[in-house]
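Visitor: Encoded as structure tokens, here's the structure I'll be asking about.
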Amino acid sequence: VRVRHDGRKRIESLPIRLTHPDKVLDAASGLTKDALAHYYLAVASHMLPYIEGRPLTLVRCVDGTGKSCFYQKHKNAMLPADIGSIEIVDKKTGNPEPYITLYTPKQLVELAQLGVLELHPWGSRNADIEKPDRMIVDLDPDSAIDWKTLCAAANEVRERLKKLGLESFLKTTGGKGLHVVAPIRPTNSWQAVKEFAHNLVLDMERDAHDLYLTRMTKAARKGKIYLDYLR
């Protein structure tokens, strides 16, 4: 939706034709496939800088959120022909696999036709897959943690990163947690960045073990914030 100079709204035409545009993808909000497509078109200029030119994992809810959703990371014949792909060698098999990647607003809008409600980009770009250019700390709170405490924890992550010479920004997740994202130069390996992030959250856990947890064990998360450094 764009607002004209006279205050009236107009709907921009989509670059693709949707099948079943009135299909409801989310019953709670009433979100239709058509509304999702127009949303992707409207935010494309804001979203693409964060996801374009990277391998993506999609969460597809083709029958809506009330039914089973599934992850898809590989391009196949069921996807539109112009959806991009990047060949990445599987480290277990040694075989190249075509990972999904996007570059254009049209490709983003096509995800609505596929029932894509979540997009998860890699922390590296297609041009240099083995050198991440962003580090993410995911703060995943137990239900007992209030919003104010969670926000304070995110600020603490940012302050610790700043002391280490890294500026960061906050990203909401669509769930109950928060992501603190630190852009970095793509000069280090995944292993080196992982070790750096792990040491960061271990320090936080040692300083406030009653609030922070770095282990994935769900049974131990009661009343705590899980600091996931593996993003």
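The values are calculated or read from the model by the stated rules, or taken from the named source; none is laboratory data. Not measured: the values here are computed from a predicted model. Cβ placement follows ideal geometry from the backbone for every residue including glycine, while neighbour counts extend to all protein chains displayed. Surface areas here come from the heavy atoms of the whole protein model, side chains and all, with no ligands, DNA or RNA. Shrake-Rupley method; radii C 1.70, N 1.55, O 1.52, S 1.80 Å.
Visitor: State the extension gain, in nm to one decimal, for the chain segment bounded by Thr149 and Lys222, taking 0.36 nm per residue of separation less the distance between their alpha-carbons.
Guide: 24.8 nm
Visitor: Percent of accessible area on the chain owned by carbon and sulfur, 1.4 Å probe?
Guide: 53
Visitor: Now, a different point. Rank-order 181-189, 109-117 by packing density, defined as the average count of other C-beta atoms within 10 Å over each peptide's residues, highest first.
Guide: Taking the mean over residues of other Cβ atoms within 10 Å, the ranking is 109-117, 181-189.
Visitor: Distance between the C-alpha centers of segment 160-176 and segment 43-74? Whole Å please.
Guide: Comparing the Cα centres of segment 160-176 and segment 43-74, I get a distance of 22 Å.
Visitor: With bins 10 Å wide starting at 0, give me the P(r) of the chain over every alpha carbon pair, in whole percents.
Guide: Each 10 Å bin holds this share of Cα pairs: 7, 26, 30, 26, 10, 1.
Visitor: Sticking with this one: Given the rule -39500 (n - 2.57) for each run of at least 4 DSSP H residues, summed and divided by the residues of the chain, what is its mean residue ellipticity at 222 nm, to the nearest 500 deg cm²/dmol?
Guide: Helix-only estimate at 222 nm: -9000 deg cm²/dmol.
Visitor: With every protein chain kept in place and ligands, DNA and RNA left out, what is the accessible area per residue of the chain? Probe 1.4 Å, answer in Å².
Guide: The answer is 59 Å² per residue.
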